[in-house]
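Take a look at the structure below.
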Amino acid sequence: MAAHQQHLQAEAQAQSLVGCCISHLSRMNQCYSWKTIGVPAPQGSKRHVGMGRMIESCKALKPWREMIIADAKKLGIEAPLDTPVGVSLVFCFPRPKKHFNNKGELLGKAPKHKMTRPDLDKLTRAVLDSLVYGGVIKDDSLVYNISAHKRFCVGKEEPGVLITVMDSSDLPFRP
């Protein structure tokens, strides 16, 4: 039930950010929340280029991570969190044109959920590494609770990711 409530809260936050770039929603008790605008890119698939070198196969990854890092640095965090943290991620993707009719109205047969690539785990990996490089958390191994989902943008909402990072004092204890 708690995961469902967290999902609903993330949805409400995302709805309030329609048309926004970066927003400081809260900064109480080491809780940071913002939306990075851009089309989310996955991290994880690498390809061999010879001489033992491996590079990311997704060319959009580097600029995507740079955007997240830049937005994280705008938060003005003095020192990265070095305590256990919970992370909530809501990835918003633009709908394909085939989901709309000629009048721009959403078709009834258009899927409600984003069930196509990129994979959620690879999207999450890109954000977690960016949180480390952006100085939000000391290491991504400190993440002990994560909630992530991907969905289509609503209305005129811009694509991106709504990121919420909470230190352990903000999270309920679950034995």
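We did not get these values from a lab; they are worked out from the coordinates using the rules stated. Predicted model, so just to flag it, every value in this text is computed and none were measured.
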Exercise. How large is ³J(HN,Hα), in whole Hz, for each residue of the range 71-84 in order, when computed from phi with the Karplus curve 6.51 cos²θ - 1.76 cosθ + 1.60 and θ = phi - 60°, using x for Gly and Pro?
Worked result: 5, 5, 5, 5, 5, x, 6, 5, 9, x, 5, 10, 10, x
For this session: Taking amide H positions as placed in the peptide plane 1.01 Å from N, state which residues far from residue 137 in sequence (5 or more) or on other chains have amide H under 5 Å from it.
Result: 81, 132
For this session: Filter the cross-link list 35/103; 98/150; 59/97 down to pairs whose alpha-carbon distance in this structure exceeds 21 Å.
Result: 35/103; 59/97
Seminar exercise, completed: Any residue on another chain or 5+ positions along whose placed amide H is under 5 Å from the amide H of residue 41 is listed here as none
